[in-house]
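The values are calculated or read from the model by the stated rules, or taken from the named source; none is laboratory data. Computed from a predicted model, the values in this text were never measured in an experiment. We place every Cβ from the backbone using ideal geometry, glycine too, and count neighbours over all the protein chains shown.
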Amino acid sequence: MTSYSQTRATIKGTISDQFGGLPGATVSIEGTTQVTTTDVNGMYEFSVDEGTYIINASFVMYVTDSKETSVMVGETVQLDFLLQTGFSIDQPISIGTRGNPISSLNTSSPVDIITPQMLENAAGLELSTVLHYLVPSFHSTHQTIADGTDHIDPATLRGLGPDQVLVLINGKRRHSSSLLNVNGTVGRGSVGVDFNAIPLATIERIEILREGATSQYGSDAIAGVINIILKKQTEVIDIDNRVLINSEGDGFENYSSGNFGLKLGANGFVNVTAEYRNRNATNRAGNYTGNVYSDDPIEDALLIEENDFFNQTGYDDRQVMEIGNAETQNLALYFNGEFKMSPNATIYLHGGRNYREGKAKGFYRFPKDEDRVVLSLFPNGFSPEILTDIQDDAVVVGIKGIKNGFNIDFSHTIGNNRIDYTINNSNNASLGITSPRTFYSGGFSYHQNTTNLDISKPLDYFKGVNLAFGAELRVENYQIIAGEEASYVDGGATFIDANGEERPRIPGAQVFPGIQPENELNRFRSNSSGYIDIDANLTDNFLMRLGGRYESSNDFGSQAVYKIASRYRIDENLSFRAAYAKGFRAPSLHQVYFQNISTQFINNTIVQVGTFNNESAVAREAFGIDRLSAETSRHFSAGLNGKLGTKITFGLDYYLINIKDRIVLSGRFSEGYEDILDPFNVGAAQFLTNAIDSKTNGIDFSTFYKDQLGNGVLNVSLAGNFTKTEVVGPIKVSSSLIGQEEVLFNREEVARVEKAQPNFKINSNVSYEWDKFKVQIGNTYFGEVTFLHPSDGDPANWVLNEYTGIIESRDQVFTPKIITDASISYQASTNIIFTLGGNNILNVFPDRHTHEANTSDGSFVYSRRVQQFGISGSNFFAKLLLRL
């Protein structure tokens, strides 16, 4: 019982571990609203009335401690805490439950926790890269020669698609990118969240729910949910500076960030982050061996020598293309804040802006290709550049509190992503000599407004029941913005080919034809839903969860889904869990309405490909494509997790995910459809359709070991994911396309779903911290990926491999590889930490192409279709962290 007086007193102290003060630790007074964080020296202070108090001290990955103290009027009491390191399995998690946070040991769902220490020790400068090397079930690599996908990395979970994982920030739905992936990468035909628009420096920790959760969080949560928790600390200023360089001498990166917090009144705060990233391009192209001026090899060789092509163009090393990471520059400002209005009501808000400029190259346009090169402008051809401007904005405002015993949370979220394309060093061949060299080719925009009402209440039944229910209203807007006229217009210019015939030149800016006014659109969707969740502790050891959700849209219809989950605690240190659920994913607005003409490189030939949306006459009438419907899924999972003594934790989970009516981007239809395609000036057509069913099953495992070793602490972790996805049943085609299943979704596209992501990934990390030093070494073992050529299933289609002189298939399996990272840190003082390290220090690359026909005349040494970890090679970095 606390007594009060008019005169204040003080409680202060230091929160530390065996190495010294812990900046940013949370300190609270039990039974009150007073909460603070420690400063750079691990110190805290409260001004209180006379009385007796219980002080709680906590820090992620440390065991929470509590102490009681009494203080008299005008007195100052020193109360220090020495926290012991703990495990992530013991940390309270907010994802997967609507009740009070519980540890992952006691929850019914598998959850990974990416702790502040793991984020701080990670060498990557972008969130998708960091997760790629920390989370076995997460996959994201930089793409190359893939238009906008060069600048927004597709990211997946458990081997599924980018649009089958839901991303939350502080528990609120994150908007997706405006980019639909249409090139030959993982996630072709899908749209996902731009992880790299979220600055690393603003993140406190990340929770990853590896389980279907659409009944809890709505559409998209088929593979799982990633919840990003933003920083709340107010006492420390963190300034992080890093530089990185590849061993090849290119790809220089520099990174700077600042994070600080301010208290607002007695019980409020705002935390602010600024971040800057700059990355130079990398190039791992091979030597070009094809023709330049003529399709006749003998004539071409003479012309190359006569024009001194490789020296005159600066390609004396014969690398006529830039294949690797695109050049990017990224600026971000983010904030997170709360303000307590009363003992029972708190206003919160968070959000920010990210702006990115990118520059990537396309396929080289050679002078021999007069249908796409104006020789009077580019006598030696040109290497076109795609310049992107990507702006990403988000803001969340809400109020939460308690009313009549109910926990109430009401919020509104606004998110927007826009990408604009400028094409440089190019031409619109159909305009001839009058063609500009730089074009604005248009862009895409996606806007999302989400309003949520979440209500929960603990009930005194059994051993404790939590009832939660709520509603969501989501309004989406998708826009396609036309480019300038010169970027798409057909100027009518012609050329005389080698046979003396007059031929038309290709209209539109080369590498990315401008979006035409007839493809410009502005579409909206409204979506409403309601849900109910019940968590019941039927006994001290048995937890049962039931959840249901009904969601309705004005365009794709309605869906009702459910989830049943349970956890049985065998003893204090061992739990068994299982779940079964029906899930769904609504087609995105992008998938319903995207339409454009793009330039694609198919079998060494550049083709203008029209993507016709699901509502167009071409898709509906010429090809008989049905309206898109929601994907539906069935999930089963079961697993064990627990602790062995105080030094080891472990987890093992099996999952099975069956998805019906997956939405995919079709193959390219050309032969037999010339009369339909000619008016659009395209050589092929493609569209999105519910074409396949799939089955995914796999295993996740993890184990962590920590111990005192000598004068320091040893931490060892080993985690892995084994997954297999199969396309099951026949390809689903309309009656007008029967017999063309191989065109609609050929073996390459099937392999992209089944084999383009590693079939396993195993992460290990060993760190040892003593005195002022910390040494860390990590290994990531990537499983195999496979490329299947569309036509090579039949040996009759095999071609001569000039490398071997044998007629053989272009299919290739890329073998497993191990990537090794290492770093050493030195804490020079309380305020300065210096780190040196390297990523992929053994300079490991994926397998090279084994068939010359896959290299595009020697340029592609490594595959751009399937990738395990990118093609940058080793890089080394220096990091200086100032903590003020």
Filtered residues of the range 649-694 (kept if among the aromatic types (F, W, Y), surrounded by fewer than 19 Cβ atoms within 10 Å (Cβ to Cβ) and part of a loop (DSSP other than H, G, I, E, B)): Y673
From I534, I506, residue being in contact with a Lys or Arg (Cβ under 9 Å, 6 or more places away or on another chain), in the same structural domain as T214 (by TED's automatic domain parsing) and either surrounded by 20 or more Cβ atoms within 10 Å (Cβ to Cβ) or within 30 Å of V182 (Cα to Cα) (or both): I506
Test: residue in the range 520-539 that is within 27 Å of the chain's Cα centre (by Cα), modelled with pLDDT of 95 or more and charged (D, E, K, R): yes
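For (1) over 26 Å from F195 (Cβ atoms); (2) in contact with a Phe, Trp or Tyr (Cβ under 9 Å, 6 or more places away or on another chain), each residue gets a yes or a no:
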| residue | (1), (2) |
| --- | --- |
| L377 | yes, no |
| G381 | yes, yes |
| P384 | yes, yes |
| D389 | no, yes |
| F410 | yes, no |
| G415 | no, yes |
| I419 | no, yes |
Tally of residues being assigned to a loop (DSSP other than H, G, I, E, B) and of a type in the set (V, I, T) across the range 369-402: 2
Residue in the range 731-743 that is without any contact (Cβ under 8 Å) to a residue 40 or more places away in the chain, touching a helix residue (DSSP H, G or I) at 6+ places or on another chain (Cβ under 9 Å), in the same structural domain as G672 (by TED's automatic domain parsing) and under 30 Å from E671 (Cα atoms) present: no
Residue, modelled with the highest pLDDT, within the range 196-247, restricted to residues that are in a helix (DSSP H, G or I) and among the β-branched types (V, I, T): T202
Scan of the range 295-343 for residues that are among the hydroxyl-bearing types (S, T, Y) and either in a helix (DSSP H, G or I) or closer than 30 Å to L387 by Cα (or both), ordered by number: T313, Y315, T328, Y334
For A796: the one exception among (1) exposed (fewer than 15 other Cβ atoms within 10 Å of the Cβ); (2) in contact (Cβ under 8 Å) with a residue 24 or more places away in the chain; (3) among the small types (G, A, S); (4) closer than 30 Å to N183 by Cβ: (2)
Count of the range 59-99 residues which are within 29 Å of N715 (Cβ to Cβ), touching a residue at least 24 places away in the same chain (Cβ under 8 Å) and either aliphatic (A, V, I, L, M) or in a loop (DSSP other than H, G, I, E, B) (or both): 18
Leading residue by the ranking (surrounded by the fewest Cβ atoms within 10 Å (Cβ to Cβ)) among those in the range 479-503 that are over 13 Å from S435 (Cα atoms) and β-branched (V, I, T): I496
Strands (runs of 3 or more DSSP E) fully within the range 530-635 counting 3 or more residues that are under 30 Å from R418 (Cα atoms) and small (G, A, S): none
Cβ pairs under 9 Å, 6+ apart, first in the range 100-120 and at pLDDT below 90, second β-branched (V, I, T) and part of a helix (DSSP H, G or I): S103/I89; S104/I89; L105/I89
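Okay, residues lined up against (1) in the same structural domain as R210 (by TED's automatic domain parsing); (2) hydrophobic (A, V, I, L, M, F, W, C); (3) closer than 28 Å to Y568 by Cβ:
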| residue | (1), (2), (3) |
| --- | --- |
| I102 | yes, yes, yes |
| I113 | yes, yes, yes |
| P116 | yes, no, no |
| P136 | yes, no, yes |
| T149 | yes, no, no |
| P162 | yes, no, no |
| I169 | yes, yes, no |
Positions within the range 43-102 being of a type in the set (D, E) and under 29 Å from Q216 (Cα atoms), in sequence order: D90
Output for the range 818-853, where each listed residue is crowded, with 19+ Cβ neighbours inside 10 Å and over 30 Å from L884 (Cβ atoms): I819, N840, P846, H849, H851, A853
Residues (at pLDDT below 95 and not in a strand (DSSP E or B)) located in the range 816-849: T830, N831
Candidate set: the range 344-363, residues that are part of a loop (DSSP other than H, G, I, E, B) and surrounded by fewer than 23 Cβ atoms within 10 Å (Cβ to Cβ); chosen: the one nearest to the chain's Cα centre (by Cα): F363
Considering residues of the range 122-176 that are in contact with an Asp or Glu (Cβ under 8 Å, 6 or more places away or on another chain) and among the hydrophobic types (A, V, I, L, M, F, W, C) only, the residue surrounded by the most Cβ atoms within 10 Å (Cβ to Cβ): I152
Checking I386 against (1) modelled with pLDDT of 95 or more; (2) surrounded by fewer than 17 Cβ atoms within 10 Å (Cβ to Cβ), the condition it does not meet: (2)
Flag if I93 is within 28 Å of P199 (Cβ to Cβ), in contact with a helix residue (DSSP H, G or I) (Cβ under 9 Å, 6 or more places away or on another chain) and surrounded by 19 or more Cβ atoms within 10 Å (Cβ to Cβ): no
